[in-house]
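Please read the structure below before turning to the comments.
The values are calculated or read from the model by the stated rules, or taken from the named source; none is laboratory data. These figures come from a predicted structure and were not determined experimentally. Here the Cβ positions follow ideal geometry from the backbone for every residue, glycine too, while neighbour counts run over all protein chains shown. All accessible areas refer to the heavy atoms of the entire protein, side chains included, with ligands and DNA or RNA removed. Shrake-Rupley method; radii C 1.70, N 1.55, O 1.52, S 1.80 Å.
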Amino acid sequence: MHMENFAPLMFAGLVFIMLIGFPVAFSLAALGLFSGFVAIEMGWFPANFMANLPLNVFGILSNETLLAIPFFTLMGAILEKCGLAEDMLDSMGQLFGPVRGGLGYSVIIVGFILGAITGTVAGQVIAMAMISLPVMMRYGYDTRYSTGVLAASGTITQLVPPSLVLIVMADQLGTDVGSMYKGAWGPSILQVLIFAIYTFILGRLYPQKVPGLPASARTLHGWALWGKCLRGIIPSAILIFAVLGSMGGLPFMDHAIATPTEAGAMGAVGALVLALIHRRLSWPMLWEAMQGTMRLTAMVVFILIGSRVFSLVFQGVDGAVWVEHMLSNLPGGQVGFLLAVNVFVFFLAFFLDFFEIAFIILPLLGPVAHKMGIDMVWFGVLLCVNMQTSFMHPPFGFALFYLRGIADTLFKNGTLKKRIESRDIYMGSIPWVGLQLLLVVIVIFFPQTVTVFLDKEVKVDTDKVQLEMPAELQSPSDNIDMDNPFGNARPNPQGAASEPAPAASQP
């Protein structure tokens, strides 16, 4: 066997072990170590090449950018349980309820706001489904629309800053987190608009699927209603501006005063303050939030270690060269490359979590995209938009699993009068997956949706650069020794005496 044929075999083995269902972190490490043993036996690289592995693992554990993940996770876990979702959904539902599709609009808006302050899909989908699904069913909303909008609005959190996915993307692509957050604002806002336009069109074509709420369903009016809405929005907005603004992650901000890790720590403290304001801060709640943070952080670290073992051996057998030659020769240039990569990632998302895709596949694609002149922020945000679908499309969409569990719980306790079938949940997700893929196409062909909020690069024309000396520092030209204009002490020529020669003696 030749070494150039081993990299495709490793990649095929990677796809196989990811499909068999065994934990990816340990499967990757095992495949990498086995492939390394084969490569050493075949003489493709020496045994001491694997001595780089401990250094790689230490580099992972000392990465300060990834240290932001547990802080943002803890912030989201605390906010899930502080009653913020309940208050916002109740007030927004009453505000938009009388309009056709009003409950859908409220779920979309609240999903966007919660995504900007929590960053976790599971808690967001569960919280919104527990509150909104019974109300939507009670007032005659279409089952497939209801489950679809709840799942899709929950996955917005993957794209809206401060998303954990964007932190990982920035680390893997070698760009800063603040720029990645700035680039994500355009597609985030555009996605909310696409969801709202779909709801509006559905309300005009099929008003019976998204009816307005009767006046009897509104318990708050006037300033009481607006006051409750603002009590949920204003503290959240302050936390968003404090966290993202400090790290330069908001549009039109040119400077950062904190690192992502410091901003995440500040966000965790802000989440504790919001929980205290809502009178939900307790030791059991905090302990549960810390347990969830610990589990997610440990999962991320083990996946990253396993992927590093695999990638080290893959690089050793020139796997990066094989990937580059395969992808850089695609027809269509940058657009062809982006379309092929997004189709590949879309199908991988049927089986893999976004962390697994980011840690395993992104290191293979990033260098190729960089050599093709693709902006790394645009590339990262584009893949983040695509990977949202991993939570939505059947059969392994985690958001659909969450909805399935919540719907069964609500039916068993009598909150839902009719059981929601799995078929309705899966079929209801398809239009929203299509809308997310529409956003992928828009971001590919209109990169300005990402770059509009990024800092503009200052270009210098070297042909027009002029160096001028102030007049007071200039000296008359006749006083300048042109052989030594700066007056530096010059060494003696080669072979010259270091001291003056003594005068000749007189006879």
Does F391 count as open to solvent by less than 50 Å² (accessible area, probe 1.4 Å) and touching a Ser or Thr at 6+ places or on another chain (Cβ under 7 Å)?
yes
Pair list, Cβ under 7 Å, 6 or more apart: the range 231-249 residue among the β-branched types (V, I, T), other residue open to solvent by less than 10 Å² (accessible area, probe 1.4 Å) and not in a helix (DSSP H, G or I)
V243/P162
Checked the range 65-114 for anything in a loop (DSSP other than H, G, I, E, B) and at pLDDT 75 or above; matches are L66, L67, P98, V99, R100, G101
Take M18 and decide whether it is open to solvent by less than 10 Å² (accessible area, probe 1.4 Å), in a helix (DSSP H, G or I) and at pLDDT below 80.
no
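To keep it simple, each residue is scored yes or no on (1) surrounded by 12 or more Cβ atoms within 10 Å (Cβ to Cβ); (2) β-branched (V, I, T); (3) assigned to a loop (DSSP other than H, G, I, E, B).
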| residue | (1), (2), (3) |
| --- | --- |
| Y198 | yes, no, no |
| I201 | no, yes, no |
| P211 | yes, no, yes |
| I238 | yes, yes, no |
| A258 | yes, no, yes |
| G270 | yes, no, no |
| A275 | yes, no, no |
| R279 | no, no, yes |
Tell me which residues, restricted to the range 31-45, are open to solvent by 20 Å² or more (accessible area, probe 1.4 Å) and either assigned to a helix (DSSP H, G or I) or touching a strand residue (DSSP E or B) at 6+ places or on another chain (Cβ under 6 Å) (or both).
L31, L33, F34, F37, V38, I40, E41, M42
Residue that is surrounded by 20 or more Cβ atoms within 10 Å (Cβ to Cβ), closer than 24 Å to P23 by Cα and touching a Ser or Thr at 6+ places or on another chain (Cβ under 6 Å), where the choices are I360, I303:
I360
Any hit, the range 294-302, residues being in a helix (DSSP H, G or I), more than 29 Å from P367 (Cβ to Cβ) and at pLDDT 80 or above:
yes
Unique match (being open to solvent by less than 30 Å² (accessible area, probe 1.4 Å) and among the small types (G, A, S)) among S62, S27
S27
Failed condition for V135, given (1) more than 22 Å from I201 (Cβ to Cβ); (2) open to solvent by less than 10 Å² (accessible area, probe 1.4 Å)
(2)
Determine, yes or no, whether T175 is over 30 Å from T65 (Cβ atoms) and either open to solvent by less than 10 Å² (accessible area, probe 1.4 Å) or of a type in the set (S, T, Y) (or both).
no
Scanning the range 315-357 for residues that are open to solvent by 40 Å² or more (accessible area, probe 1.4 Å), part of a helix (DSSP H, G or I) and among the aromatic types (F, W, Y), which turns out modelled with the highest pLDDT?
F344
Considering residues that are outside any helix (DSSP H, G or I) and in contact (Cβ under 8 Å) with a residue 24 or more places away in the chain, the number found within the range 46-64 is 2
For the range 409-423, how many residues are open to solvent by 30 Å² or more (accessible area, probe 1.4 Å) and within 30 Å of F355 (Cβ to Cβ)?
3
Any idea how many residues of the range 399-424 are among the basic types (K, R), free of Cβ contacts under 8 Å to residues at least 60 places away in the same chain and either assigned to a loop (DSSP other than H, G, I, E, B) or on the phi > 0 side of the Ramachandran plot (or both)?
1
Is it true that S311 is hydroxyl-bearing (S, T, Y), open to solvent by 10 Å² or more (accessible area, probe 1.4 Å) and at pLDDT 80 or above?
yes
V273, sole failed condition from (1) closer than 26 Å to F45 by Cβ; (2) more than 24 Å from the chain's Cα centre (by Cα); (3) modelled with pLDDT of 85 or more; (4) not aromatic (F, W, Y):
(1)
